[in-house]
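The values are calculated or read from the model by the stated rules, or taken from the named source; none is laboratory data. What you are looking at is a predicted structure, and each value in this text was computed from that prediction instead of being measured. So basically every Cβ, Gly included, is an ideal-geometry build from the backbone, and we count neighbours across all protein chains shown.
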């Protein structure tokens, strides 16, 4: 099953400040609007490969929401990510038939600043190493703008690699196989060069240009250090580092995490080296 990366959710305290900081880093930041029935509003950084960052903030406390809870407990940073299904219900049914515990689909939406109303159907896994699904009910171009909106002054063109922290690599791979089904492009598990983590990779959205490599990392011998260890010790399983492709040849550089609001992002023509994410 081909399920491309849809977006990465970044929880922030102040949306206006975050927009200013990401703009200063060379990103083209778009105001997304508000979510009816919730206190959230957002902004988007959309890439040429179709994936995007969602910067999300709250106008009022929302103690019933997991993302808000993580923001209060652990500060700003990545709280989730989503894949793009053709039809959410069909993907959930297939995954459930393979023994994966996904919640029933539910609908959501957003009101853009220009008055356009967007609708989608989500479904959430019960395990944080897996993404939620976000399938459009209205045209995706309304939710994810095209054209010049995807051009960035820093040259970023797409999410080449996303690193996800997991406690048990074998168990997580089994869940991912249940989600993606037969034919999923999953690489061999391996011990990293520094001996600090076991890793396996898989391709989201197929194996062609624009596909995102997902790297699952688990601590070797139950001990994790660096960015991997920090993620597991604080937020638990989930995404913790991003490698963005750029259109020009330049040395890889990590962006200032104060300016990215706690997100580890590396710009590189060959995306983020695996060892960098584990350091």
Checklist entry - If the Cβ limit is 7 Å and pairs must be 6+ apart or interchain, which residue in the stretch 142-154 that is under 9 Å from residue 46 (Cα atoms) pairs with which residue that is at pLDDT 95 or above and not in a loop (DSSP other than H, G, I, E, B)? => result 144/46; 144/52; 145/30; 145/46; 149/30; 149/46; 150/46
Item to check | Complete set of residues in the stretch 131-153 that are part of a loop (DSSP other than H, G, I, E, B), surrounded by 14 or more Cβ atoms within 10 Å (Cβ to Cβ) and out of contact with any strand residue (DSSP E or B) (no Cβ under 8 Å at 6 or more places or on another chain) | outcome: 151
Checklist entry - Looking at (1) modelled with pLDDT under 95; (2) more than 18 Å from residue 226 (Cβ to Cβ); (3) crowded, with 16+ Cβ neighbours inside 10 Å, can you tell me which one residue 182 breaks? => result (3)
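Say whether the condition of being assigned by TED's automatic domain parsing to the domain that holds residue 41, at pLDDT below 95 and exposed (fewer than 15 other Cβ atoms within 10 Å of the Cβ) is met by at least one residue in the stretch 107-124.
no
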Item to check | Residue selected from the stretch 31-44 under the condition farther than 15 Å from residue 8 by Cα and touching a residue at least 40 places away in the same chain (Cβ under 8 Å), by the criterion surrounded by the most Cβ atoms within 10 Å (Cβ to Cβ) | outcome: 33
Checklist entry - Taking the stretch 22-46, which residues are closer than 17 Å to residue 151 by Cα and not in a strand (DSSP E or B)? => result 22, 23, 24, 25, 26, 27, 28, 29
Checklist entry - Identify, please: which residue in the stretch 231-279 is in contact with a helix residue (DSSP H, G or I) (Cβ under 6 Å, 6 or more places away or on another chain) and part of a loop (DSSP other than H, G, I, E, B) and is, among those, modelled with the lowest pLDDT? => result 279
Checklist entry - Mind checking whether some residue in the stretch 75-89 is touching a residue at least 40 places away in the same chain (Cβ under 8 Å), touching a helix residue (DSSP H, G or I) at 6+ places or on another chain (Cβ under 8 Å), surrounded by fewer than 16 Cβ atoms within 10 Å (Cβ to Cβ) and not in a helix (DSSP H, G or I)? => result no
Checklist entry - Under 8 Å by Cβ, and 6 or more places apart or on different chains, what pairs join a residue from the stretch 207-231 that is on the phi > 0 side of the Ramachandran plot with one that is in a loop (DSSP other than H, G, I, E, B) and modelled with pLDDT under 90? => result 226/196; 226/279
Next on the checklist: Given (1) farther than 21 Å from residue 47 by Cα; (2) outside the structural domain of residue 66 (by TED's automatic domain parsing), identify the lone condition not met by residue 161.
Outcome noted: (1)
